[in-house]
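J.: Please see the structure below; I have some questions.
What follows is calculated from the coordinates using simple rules that are stated; it is not laboratory data. Everything quoted here is computed from the prediction, not taken from an experiment. Virtual Cβ from ideal backbone geometry, glycine too; neighbours counted across all protein chains shown.
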Amino acid sequence: MKNYKHSWAEPYKIKMVELLRMTTRAQRLKAIKEAGFNTFLLRSEDVYIDLLTDSGTSAMSDRQWAGMMMGDESYAGSRNFYHLENAVQKNYGYKYLIPTHQGRGAENILSKVLIKPGDIVPGNMYFTTTRLHQELAGATFVDVIIDEAHDPLNEHPFKGNVDLNKLEKVVQEHGTGKIPYISIATSVNMAGGQPISMANLRELRAFTAKHGIRIIHDMTRVAENAHFIQKREAGYAQKSIREIVKEICSYTDGATMSAKKDALVNIGGFMATNEWEVFEEARNLVVVYEGLHTYGGLAGRDMEAMAIGIEESLDDNHIHARVGQVEYLGHLMESYGVPIVRPIGGHGIFVDAKRFLPHLSQDEFPAQTLAAEIFLDSGVRTMERGVVSAGRKANGENYYPKLELVRFTIPRRVYTQAHMDVIAESALNVLKRAKRIKGLQMVYEPKYLRFFQARFERLF
Ligand SMILES: Cc1ncc(COP(=O)(O)O)c(C=O)c1O
């Protein structure tokens, strides 16, 4: 096997450790049964390596922790807000900032400000909370990502790209008056952390400028996207991550951010915009849902940690080590014959449950099943990203997404290379007995975002 070890070593050393509990298979079987075969319902103390999400699970740096001690907990006008505002303006170029408790807080405010009932929001693949807030505000989401994004084996280097022909059709059909904005995610989560290219963004900017439509940027993983532009797109090899990120943002009119990912904090998010009127309305609404506009549901210390995290997230060495670790795990899994989404994305490895458990139909929840089996094997907690996450349409029918995936999401600066080896070995163990694995049936389904709380039983 090719040696991937040396190209991505971490630009930090470990100062403090968190002890983990190792469990037996019998303990894990009891735990997963009690959790209704839903990894979201497990207690974290039953988990050995937690790959449920990269959201809010990063290790903060000593500088961030020092920043936490500098929290200015004034109700209004905290100095930490101004540090954060400065970090956003300087690094992302957006003019106005509204902090929120996390990404979905920003999605709620933005959707309420920009969407009116009956609107259409095109986007480069849905994200669960983003689409739900668009729908709750009365819009219908339309997927305009390139077809390649729905094919786990396609090697397209920028599977996050928008298909401008699809977008043109949506505009023709509905008219620009019904399209308040185009929703563009960098590092498209549901496609496997796949990037959008700068060339595509530029084309999209030209298209939207012609039609007078905004671009709203879900910038949750913008630095990881910048990494792929630097590595794969002509003309960017010599540009820094910081420069690339700023250029990406410059083609958009506003953003929502879950700072719990790229920006290396355990809690926090924001909405940003270049439009004064949008800002004014959002600044008023945030008081209703989050808190005053200079804290948005966060403590001053959280805003300080976020301001510092934004700076650290744009360091080239940091982002290369972060994506390098993900790639190390992906290459190892591939060498074991585990079917994964190609190319390897920025924040995790997405295992193709349809190929892993080909004998299960989507109604038997192959990805949900596989996530439970991986936990049983090793205590590694992963997440379903398939038919359960996709949920139901407004008419009650299930969405049947083409991608039926298990996400092995890697928290930033948390696990070691030996942990990656354990994870890949566990996937291999489960693969060896894949033929004998039975599916699941859903026995409880909540109304909203069902993947978080649904319960399952094993089929016999
Ligand atoms: C692409 C994307 N957008 C939005 C969100 C929502 O952010 P939060 O979990 O902070 O509410 C997430 C979180 O998982 C995400 O991955």
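J.: What's the local net charge at S378, with K and R +1, D and E -1, over the other residues with C-beta under 14 Å away? Mind showing how you got there, number by number?
T.: Numbers: positive: R21, R25, R28, R381, K432, R433; negative: D46, D50, E373, D377, D421, E425.
It works out to a net charge of 0.
J.: Go ahead and run the numbers for FRET between K33 and K210, Cβ-Cβ distance against an R0 of 45 Å, rounding to 0.05. Please report the intermediate quantities before stating the final value.
T.: Details: r = 56 Å, r/R0 = 1.25.
Efficiency computed from Cβ-Cβ geometry: 0.20.
J.: Residue by residue, what Karplus-based ³J(HN,Hα) values in Hz, rounded to whole numbers, does the range 228-236 have, using 6.51, -1.76 and 1.60 with θ = phi - 60° and x for Gly and Pro?
T.: 5, 5, 4, 7, 10, 9, 4, x, 10
J.: What are the extents of the Cα atoms of the range 31-160 along their three principal axes, in Å, largest first?
T.: Principal-axis extents of the Cα atoms in the range 31-160, largest first: 47, 44, 33 Å.
J.: Would you mind giving the three semi-axes, in whole Å and largest first, of the ellipsoid equivalent to the range 21-85 according to its Cα gyration tensor? Before the final figure, lay out the partial values.
T.: Details: eigenvalues 297, 37, 19 Å².
Working through the eigenvalues yields semi-axes of 39, 14, 10 Å.
J.: On to the next question. Take the cross-link list K354/K438; K159/K261; K15/K90; K169/K239; K178/K210 and give me the ones stretching past 23 Å between alpha-carbons.
T.: On the way: K354/K438 13 Å; K159/K261 20 Å; K15/K90 30 Å; K169/K239 35 Å; K178/K210 16 Å.
Correct reply: K15/K90; K169/K239.
J.: Compute the convex hull volume of the Cα atoms of the chain, divide it by the residue count, and report the result per residue in Å³ as a whole number. Please report the intermediate quantities before stating the final value.
T.: Numbers: hull volume 64.2 nm³, N = 460.
In the chain, the Cα convex hull volume per residue is 140 Å³.
J.: Follow-up question, since we're still on this one. Rank W8, Y251, A427 by how far each Cα sits towards the positive end of the charge dipole of the chain (+1 on Lys, Arg Cβ; -1 on Asp, Glu Cβ) and give me just the farthest.
T.: Comparing the listed Cα positions along the dipole, A427 ranks first.
J.: Which of the peptides 396-402, 308-314, 139-145, 42-48 is most tightly packed, and how do the rest follow, judged by the mean count of other Cβ atoms within 10 Å per residue? List each step's numbers first, then the result.
T.: Details: 396-402: 11.7, 308-314: 23.9, 139-145: 20.6, 42-48: 15.1.
Top to bottom by mean Cβ count within 10 Å: 308-314, 139-145, 42-48, 396-402.
J.: Moving on. If I take every Cα pair under 8 Å that is 6 or more residues apart in the range 194-267, average their sequence separation and divide by the length, what percent do I get for the relative contact order?
T.: Details: 76 pairs, mean separation 29.1, N = 74.
About 39 percent, as a whole number.
J.: Let me ask something else. Listing R385, R301, R221, R205 from the residue with the fewest other Cβ atoms within 10 Å to the one with the most, what is the order?
T.: Numbers: R385 29, R301 19, R221 26, R205 15.
Sorted ascending by nearby Cβ count, the order is R205, R301, R221, R385.
J.: To make sure I understand, if each residue's beta carbon is the centre and we count other beta carbons within 10 Å, what order do M442, M22, M70, M219 fall in, fewest to most? Show your work: numbers first, answer last.
T.: Numbers: M442 18, M22 8, M70 14, M219 30.
Lowest to highest Cβ neighbour count: M22, M70, M442, M219.
J.: In percent, how large is the relative contact order of the range 373-423, given Cα pairs closer than 8 Å and 6 or more residues apart?
T.: Numbers: 44 pairs, mean separation 17.1, N = 51.
Over the range 373-423, the number comes to 33 percent.
J.: Oh, and also: Restricting the count to DSSP beta bridges whose residues both fall in the chain, what percent are antiparallel, rounded to a multiple of 5?
T.: On the way: 26 of 41 bridges.
In the chain, DSSP labels about 65 percent of beta bridges as antiparallel.
J.: Using the Kirkwood formula on the Cα atoms of the range 305-440, what hydrodynamic radius do you get, in angstrom to one decimal? Write out the running numbers ahead of the final one.
T.: Details: mean 1/r = 0.0630 Å⁻¹.
Averaging 1/r across every pair of different Cα atoms and inverting gives 15.9 Å.
J.: Still on this structure, please answer the following. Between N154 and K231, what is the label-to-label distance in nm when each label sits 7 Å out along the Cα-to-Cβ direction?
T.: It works out to 2.0 nm between the two label points.
J.: Then there's this: Work out the FRET efficiency for K435 and L20 from their Cβ-Cβ distance, taking R0 = 25 Å, and round it to the nearest 0.05. Could you put the intermediate results ahead of the total?
T.: Working: r = 32 Å, r/R0 = 1.26.
That pair, K435 with L20, gives E of 0.20.
J.: What's the local net charge at E404, with K and R +1, D and E -1, over the other residues with C-beta under 13 Å away?
T.: That works out to 0.
J.: For q = 0.14 Å⁻¹, what log10 I(q)/I(0) does the range 248-365 give under the Debye formula with an equal point scatterer on each alpha carbon and no solvent?
T.: Ignoring solvent entirely, the Cα scatterers give -0.82.
J.: To the nearest 20 Debye, how big is the dipole of the chain about its Cα centre, given +1 on the beta carbon of each Lys and Arg and -1 on that of each Asp and Glu?
T.: That gives the chain a dipole magnitude of about 960 debye.
J.: Taking only the alpha-carbon positions of the range 94-156 and ignoring solvent, what does the Debye formula give for the base-10 log of I(q)/I(0) at q = 0.14, 0.20 Å⁻¹?
T.: -0.50, -0.82
J.: Which net charge results for the neighbourhood of P99, defined as the other residues with beta-carbon distances under 10 angstrom from its beta-carbon, given Lys and Arg at +1 and Asp and Glu at -1?
T.: Here the charged neighbours net out to -3.
J.: Find the relative contact order for the chain and round it to a whole percent, using C-alpha pairs within less than 8 Å whose residues are 6+ positions apart.
T.: On the way: 967 pairs, mean separation 109.3, N = 460.
Result for the chain is 24 percent.
J.: Counting each DSSP H run of 4 or more residues in the chain as -39500 (n - 2.57), what helix-only mean residue ellipticity at 222 nm follows after dividing by all residues, to the nearest 500 deg cm²/dmol?
T.: On the way: 16 runs with 183 residues, N = 460.
Taken over the chain, the calculation gives -12000 deg cm²/dmol.
J.: Now a separate question. I'd like the Karplus ³J(HN,Hα) series for the range 127-137: coefficients 6.51, -1.76, 1.60, θ = phi - 60°, whole numbers in Hz, and an x wherever there's a Gly or Pro.
T.: Per-residue couplings from phi come out as 10, 3, 6, 4, 5, 4, 5, 5, 5, 5, 7 Hz.
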